[in-house]
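Undergrad: The structure's right below; bear with me while I get my questions together.
The values are calculated or read from the model by the stated rules, or taken from the named source; none is laboratory data. What you are looking at is a predicted structure, and each value in this text was computed from that prediction instead of being measured. Please note: Cβ atoms are built from the backbone with ideal geometry, for glycine as well, and neighbour counts cover all protein chains shown. To get the accessible areas, we keep the full protein, side chains included, count just its heavy atoms, and leave off ligands, DNA and RNA. Shrake-Rupley method; radii C 1.70, N 1.55, O 1.52, S 1.80 Å.
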Amino acid sequence: MKKIISIFTIITLLTLVIFTGNTYAAELDTLDITTSKTTVRPGEEITVRMEFGQSLGAYTFKVSYDNNIFDYVSSEGGTANDTTDKIIVTYHDTTGGTNPRTNMSVTFKAKADITTSNPTEFTITAEGLANADASVTFDDIGTPIVKNVTVEPEYVDYTLNLQYEGKIVKEEEKAITVSYSSPMGHYYEHARLVATATTPEGADIQLLATDNAGLEHDIIESGWGDAQGYKIGGKNVSQVLQTRGIFSKAGNYSVTLKLIDRDNSDAIIAEKTFQIAVAETATPVEPPATEPEKPEESKPEQTTPETTKPEQKPTTLPKTGVNIYIPIVLVLVSLLSYYIYYNKRK
């Protein structure tokens, strides 16, 4: 009898454990992990976000990162611990299920001094996952969930240039500077500078440059440097070649400079065409004599003629001949003299 009672008690306890305990076989298949960017510039921030798809009252997420590329900035949705290459965020609802969470996030910042392209990744694992009231627990995420991103600078296209001073004369060597540059050039493991030319009929052109080993290269014929190419890219990229240009005939030439990627079927990285005029001689040709242009005759200034006023006749005739007053005065003097003489005699 005691044995039966013991067996019954054990079965009862097992039943209670099964029907009142937590379920441990559930899988959190609603979890969605995203990144705010897939390409990050130096100094920019990126956020790794976990959307649970349901309410969780407990969890521990671990986000691993490359500390040579990123710095940890902040997290939201739990207590974070930075182990220098992994952020561990832990959350436990202490209210007994009234304050669960549906998401969490971690923010990083790309290091500002990065000058190359850096493919990298965030890996996420989790454990201690439970629903809001802890009635259901979820399987640990032991196999990392991987999110790939690339950290690289804002690349600037390469520019090509061809310069010389003065006039180019046929069959005379001319110093010509050929160059390419970029303030932030994209990286290429095997790039190469080549050139093509269009010439007058029957004419030849050479652009000769000498490398550090003393080998001379005709950029028009075979390009510059090792045939397999060479590495370029980074901040303030610049290569300047001092070449000697030789043109066999006078006329108009065009030279096209190309920077190509040998690892990508010689795909063109940058390209530019330059027009070059080659003279027959160094002495400038005098222009044919022409008669000097006659200065344009100045036309008299157009003015409005003034209105001619009619001639006014004098109202008093001018005096001419003997003055009429002289005889009158003489007569008066004579009469006065006679009058005086007459009175004296009386």
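Undergrad: Six or more apart or on different chains, Cβ under 9 Å: which pairs go from a residue in segment 133-153 that's over 27 Å from residue 43 (Cβ atoms) and among the aliphatic types (A, V, I, L, M) to one that's open to solvent by 40 Å² or more (accessible area, probe 1.4 Å) and outside any strand (DSSP E or B)? Could you list them?
TA: 134/22; 134/96; 136/22
Undergrad: I'd like the full set of residues that are out of contact with any strand residue (DSSP E or B) (no Cβ under 6 Å at 6 or more places or on another chain) and more than 15 Å from residue 64 (Cα to Cα), limited to segment 80-100.
TA: Residues satisfying the conditions are 94, 95, 96, 98, 99.
Undergrad: Residue 60 fails exactly one of the following numbered conditions: (1) within 24 Å of residue 27 (Cα to Cα); (2) among the β-branched types (Val, Ile, Thr); (3) at pLDDT below 95. What is the number of that condition?
TA: All conditions are met except number (3).
Undergrad: Out of the residues in segment 176-211 that are under 27 Å from residue 154 (Cβ atoms) and of a type in the set (Gly, Ala, Ser), which is most open to solvent (accessible area, probe 1.4 Å)?
TA: This residue is 181.
Undergrad: Just the residues that are touching a residue at least 40 places away in the same chain (Cβ under 8 Å) and of a type in the set (Ser, Thr, Tyr), please, taken from segment 194-211. Lay out the reasoning, then the answer.
TA: Here is the first cut: in segment 194-211, the ones touching a residue at least 40 places away in the same chain (Cβ under 8 Å) are 194-200, 202-207.
Answer for segment 194-211, where residues must be touching a residue at least 40 places away in the same chain (Cβ under 8 Å) and of a type in the set (Ser, Thr, Tyr): 196, 198, 199.
Undergrad: Within segment 206-213, does at least one residue satisfy the condition of being closer than 23 Å to residue 264 by Cα and of a type in the set (A, V, I, L, M)? Full working, then the answer.
TA: Keep residues of segment 206-213 that are closer than 23 Å to residue 264 by Cα, which gives none.
The answer is no; no qualifying residue exists.
Undergrad: Of the conditions (1) open to solvent by 60 Å² or more (accessible area, probe 1.4 Å); (2) over 21 Å from residue 152 (Cβ atoms); (3) small (Gly, Ala, Ser), residue 75 satisfies every one except a single condition; which number is it?
TA: Of everything listed in (1) open to solvent by 60 Å² or more (accessible area, probe 1.4 Å); (2) over 21 Å from residue 152 (Cβ atoms); (3) small (Gly, Ala, Ser), residue 75 misses just condition (1).
Undergrad: Out of the residues in segment 105-141 meeting the condition of being assigned to a strand (DSSP E or B) and open to solvent by 60 Å² or more (accessible area, probe 1.4 Å), tell me which one is nearest to residue 27 (Cα to Cα). Can you show your working first?
TA: So in segment 105-141, the residues assigned to a strand (DSSP E or B) come out as 105-110, 118-131, 136-138, 141.
When the remaining residues are screened for being open to solvent by 60 Å² or more (accessible area, probe 1.4 Å), the result is 109, 119, 121, 127.
Numbers: 109: 32, 119: 31, 121: 24, 127: 12 Å.
Result: 127.
Undergrad: Which of the residues spanning segment 72-129 are of a type in the set (Ser, Thr, Tyr), modelled with pLDDT under 95 and under 22 Å from residue 54 (Cα atoms)? Break it down stepwise before answering.
TA: Our first condition is that a residue be of a type in the set (Ser, Thr, Tyr); within segment 72-129, this holds for 72, 74-75, 79, 83-84, 90-91, 94-95, 98, 102, 105, 107, 115-117, 120, 123, 125.
After this cut, where a residue has to be modelled with pLDDT under 95 as well, the list is 84, 94-95, 98, 115-117.
Matches in segment 72-129: 94, 95, 98.
Undergrad: Another question about this same structure. With the checklist (1) over 30 Å from residue 269 (Cβ atoms); (2) buried (at least 18 other Cβ atoms within 10 Å of the Cβ); (3) of a type in the set (Ser, Thr, Tyr) in hand, flag the one item residue 158 doesn't pass.
TA: For residue 158, the exception is condition (1).
Undergrad: Could I ask something else about it? Just give me the residues in segment 39-68 being in a strand (DSSP E or B), open to solvent by 20 Å² or more (accessible area, probe 1.4 Å) and in contact (Cβ under 8 Å) with a residue 60 or more places away in the chain, in sequence order. Steps first, answer last, please.
TA: First pass over segment 39-68, keeping only residues in a strand (DSSP E or B): 39-40, 45-64.
With open to solvent by 20 Å² or more (accessible area, probe 1.4 Å) added as a condition, the list becomes 39, 45, 47, 49, 51, 53-55, 60, 62, 64.
Once the filter is applied, which keeps residues that are in a strand (DSSP E or B), open to solvent by 20 Å² or more (accessible area, probe 1.4 Å) and in contact (Cβ under 8 Å) with a residue 60 or more places away in the chain, segment 39-68 yields 39, 45, 47, 54, 55, 60, 62, 64.
Undergrad: Could you pull out the residue among 162, 207 that is of a type in the set (A, V, I, L, M, F, W, C), more than 30 Å from residue 45 (Cβ to Cβ), under 30 Å from the mean Cα position of the chain (by Cα) and in a strand (DSSP E or B)? Spell out how you get there, then give the answer.
TA: Numbers: 207 fails: under 30 Å from the mean Cα position of the chain (by Cα).
Result of the check over 162, 207: 162.
Undergrad: Something else about it: From the set of residues in segment 214-252 that are assigned to a strand (DSSP E or B) and small (Gly, Ala, Ser), which is farthest from residue 185 (Cα to Cα)?
TA: Filtering segment 214-252 down to residues assigned to a strand (DSSP E or B) leaves 216-218, 224, 230-247, 251-252.
Among the residues that remain, those that are also small (Gly, Ala, Ser) are: 233-234, 238, 245, 251.
Values: 233: 5, 234: 5, 238: 9, 245: 28, 251: 36 Å.
Here the answer is 251.
Undergrad: Give 245, 214, 234 a once-over and let me know the one that is surrounded by fewer than 17 Cβ atoms within 10 Å (Cβ to Cβ) and either in contact (Cβ under 8 Å) with a residue 40 or more places away in the chain or touching a Phe, Trp or Tyr at 6+ places or on another chain (Cβ under 9 Å) (or both). Steps first, answer last, please.
TA: Numbers: 245 fails: surrounded by fewer than 17 Cβ atoms within 10 Å (Cβ to Cβ); 214 fails: either in contact (Cβ under 8 Å) with a residue 40 or more places away in the chain or touching a Phe, Trp or Tyr at 6+ places or on another chain (Cβ under 9 Å) (or both).
So the residue among 245, 214, 234 that is surrounded by fewer than 17 Cβ atoms within 10 Å (Cβ to Cβ) and either in contact (Cβ under 8 Å) with a residue 40 or more places away in the chain or touching a Phe, Trp or Tyr at 6+ places or on another chain (Cβ under 9 Å) (or both) is 234.
Undergrad: Is it the case that some residue within segment 248-268 is of a type in the set (A, V, I, L, M), surrounded by fewer than 18 Cβ atoms within 10 Å (Cβ to Cβ), over 30 Å from residue 154 (Cα atoms) and in contact (Cβ under 8 Å) with a residue 40 or more places away in the chain?
TA: So in segment 248-268, the residues of a type in the set (A, V, I, L, M) come out as 250, 255, 257, 259-260, 267-268.
In the following step, the residues that additionally are surrounded by fewer than 18 Cβ atoms within 10 Å (Cβ to Cβ) were identified as 250, 267-268.
If we keep only those that are over 30 Å from residue 154 (Cα atoms) as well, we get 250.
From what's left, in contact (Cβ under 8 Å) with a residue 40 or more places away in the chain: 250.
Yes, segment 248-268 has at least one match.
Undergrad: Considering only segment 89-104, how many residues are open to solvent by 40 Å² or more (accessible area, probe 1.4 Å) and in a strand (DSSP E or B)? Walk me through it before giving the result.
TA: Our first condition is that a residue be open to solvent by 40 Å² or more (accessible area, probe 1.4 Å); within segment 89-104, this holds for 90, 92, 94-96, 98-102.
Filter once more, so that each one left must be in a strand (DSSP E or B): 90, 92, 101-102.
Here the count works out to 4.
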